[in-house]
1. Quick one: which residue in A178, A172 is assigned to a helix (DSSP H, G or I), touching an Asp or Glu at 6+ places or on another chain (Cβ under 9 Å) and either under 21 Å from I259 (Cβ atoms) or not basic (K, R) (or both)?
2. Restricting the range 9-23 to residues that are closer than 18 Å to D336 by Cβ and either at pLDDT 95 or above or of a type in the set (S, T, N, Q) (or both), which is surrounded by the most Cβ atoms within 10 Å (Cβ to Cβ)?
3. Name every residue in the range 309-329 that is more than 22 Å from the chain's Cα centre (by Cα) and either in a helix (DSSP H, G or I) or of a type in the set (G, A, S) (or both), in order of residue number.
4. Going through G242, G278, G283 one at a time, which residue ends up being free of Cβ contacts under 8 Å to residues at least 60 places away in the same chain and either within 23 Å of R342 (Cβ to Cβ) or in contact with a Pro (Cβ under 6 Å, 6 or more places away or on another chain) (or both)?
5. Among the residues of the range 24-44, write down those that are in contact with a Leu (Cβ under 6 Å, 6 or more places away or on another chain) and either within 14 Å of L258 (Cα to Cα) or surrounded by fewer than 21 Cβ atoms within 10 Å (Cβ to Cβ) (or both).
6. Among the listed residues V322, V281, V270, which satisfies the condition of being under 24 Å from A31 (Cα atoms) and among the aliphatic types (A, V, I, L, M)?
7. So, in the range 95-106, of the ones that are in contact with a helix residue (DSSP H, G or I) (Cβ under 9 Å, 6 or more places away or on another chain), assigned to a loop (DSSP other than H, G, I, E, B) and not aliphatic (A, V, I, L, M), which residue ends up farthest from E27 (Cα to Cα)?
8. Among the listed residues V281, V270, identify the single one that is aliphatic (A, V, I, L, M), closer than 20 Å to G320 by Cα and not in a helix (DSSP H, G or I).
Amino acid sequence: MKPIERMNSLRRGRPADRTPWVPSVYEHGAALLGKSPTQVSQSSDLMAQAALAGYRTYEHDIVTVGIDIYNVEAEAFGCELASHHEDNSIPGVLTHPLAGEEAAVESLAIPQPGPGNRLGLLAQAVGQVVREIGEQVWVYGCMGGPWSQAVEIRGFEDLIADLYTDKRRVHALMDKTAELARQQAERISRSGGGIYLYESWATMPLIDPKIFDEFVVPYNRRVIEHVTSRFATPPPAIIMGGNITLLMEYFLRANTSLIACDYNADFDFVKAKTAGTGIIVRGCVDPKTIERCGWDTLQASIDRLAEKSRGMVNFIWGCGCVSYKTPPQSVLRFKDMCLAARRQAGDENITKTMKNTEITEEKKEITKKE
């Protein structure tokens with residue numbers, strides 16, 4: 001099976017020939033080009049080449065395009081970024097344009113692609129990758145989610161304070177960030193890519209489930225429903241780290257099709273909540289273990305995930321962001337370990353199920369013809 005066939009099979013609730021494997025390759029793609037994340041993040045061609053280099057090196061089952069995944073929308077809204085050419089770390093947000101007591105949400109204009117931002121560059125990069133490998137693999141564009149954009153614009157402490165003093169102000173800001181997210185999602189979708197909404201500023205314990213319910217779910221859903229009602233692209237995903245256990249009901253209501261389940265979540269609970277829903281669960285191990293070559297620790301984590309995901313058709317392997325300095329051979333070893341562990345834990349049964357499903361479909365076709 002090609003990666004795209006593998007993922008489409010899971011999307012339909014059917015088993016694939018093997019469990020898909022999806023590491024998080026962002027700034028690590030810049031390393032594969034021998035360039036800094038800052039350099040790559042400023043060029044649509046380099047962003048595309050970084051994603052393509054990752055795919056050619058690892059042959060993973062989902063390709064994401066982007067480097068500093070939380071900065072593009074924030075920068076367009078006026079956040080100043082730090083450049084890190086020397087130490088190869090990703091650019092970070094330095095200033096929050098709506099910080100302080102006097103900041104007026106009403107004055108915040110929704111930016112459009114142009115010379116002063118990278119909104120168009122990201123969409124162009126996605127389109128370039130789709131043209132190169134879109135027939136082989138799902139391709140996604142990276143986006144900061146509406147809540148995470150609001151944190152960068154207002155500043156985390158000020159935004160949390162607003163929740164207790166002026167909720168209307170928070171909703172007004174969320175309307176702005178969700179509108180930019182909707183427009184950017186449409187640009188990416190028109191380029192042929194799916195959307196990854198990154199909401200790590202919404203993870204627990206940074207905010208609690210009630211805040212997530214009121215200020216994250218409806219705005220993410222607004223973006224997701226806009227895309228799914230208009231485009232036949234890879235299904236939208238909400239991606240965030242941390243312990244997502246208590247947020248599962250909200251993911252279901254947000255209509256996401258793919259989530260990341262970090263190593264510190266209650267996987268059994270996530271498994272039960274996603275059974276039969278069509279949501280694909282990416283079980284993630286700690287990428288620092290891969291960087292440190294902690295193979296015994298990594299093997300133990302993989303074995304636990306393999307056992308917990310036994311029989312799950314909607315499971316895929318993954319890890320958090322692969323660091324810039326992680327050697328490619330370590331990532332490839334991680335891939336081999338995942339696929340071997342999943343086979344030992346019951347992938348053979350999934351493969352048998354897949355063959356039985358194919359036989360059943362063939363019988364249905366024969367019956368129709370008769």
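1. Numbers: A178 fails: touching an Asp or Glu at 6+ places or on another chain (Cβ under 9 Å).
Within the list A178, A172, the selection yields A172.
2. P23
3. The answer is G311, Q329.
4. On the way: G242 fails: either within 23 Å of R342 (Cβ to Cβ) or in contact with a Pro (Cβ under 6 Å, 6 or more places away or on another chain) (or both); G278 fails: free of Cβ contacts under 8 Å to residues at least 60 places away in the same chain.
Selected residue: G283, the only one of G242, G278, G283 that is free of Cβ contacts under 8 Å to residues at least 60 places away in the same chain and either within 23 Å of R342 (Cβ to Cβ) or in contact with a Pro (Cβ under 6 Å, 6 or more places away or on another chain) (or both).
5. From the range 24-44, those in contact with a Leu (Cβ under 6 Å, 6 or more places away or on another chain) are 40, 44; that's our starting set.
Passing the criteria: only S44.
6. Working: V281 fails: under 24 Å from A31 (Cα atoms); V270 fails: under 24 Å from A31 (Cα atoms).
Just a single option satisfies the conditions, and that option is V322.
7. Within the range 95-106, the subset in contact with a helix residue (DSSP H, G or I) (Cβ under 9 Å, 6 or more places away or on another chain) is 96-101, 103, 105-106.
With assigned to a loop (DSSP other than H, G, I, E, B) added as a condition, the list becomes 96-101, 103.
So of that shortlist, the ones also not aliphatic (A, V, I, L, M) come out as 96-97, 100-101.
Values: H96: 23, P97: 26, G100: 32, E101: 35 Å.
Ranking the qualifying residues of the range 95-106, first place goes to E101.
8. Details: V270 fails: not in a helix (DSSP H, G or I).
Just a single option satisfies the conditions, and that option is V281.
The values are calculated or read from the model by the stated rules, or taken from the named source; none is laboratory data. Quantities reported herein were computed from a predicted structural model and do not represent experimental measurements. No Cβ is skipped: glycine too gets one built from the backbone with ideal geometry, and neighbour counts run over all protein chains shown.
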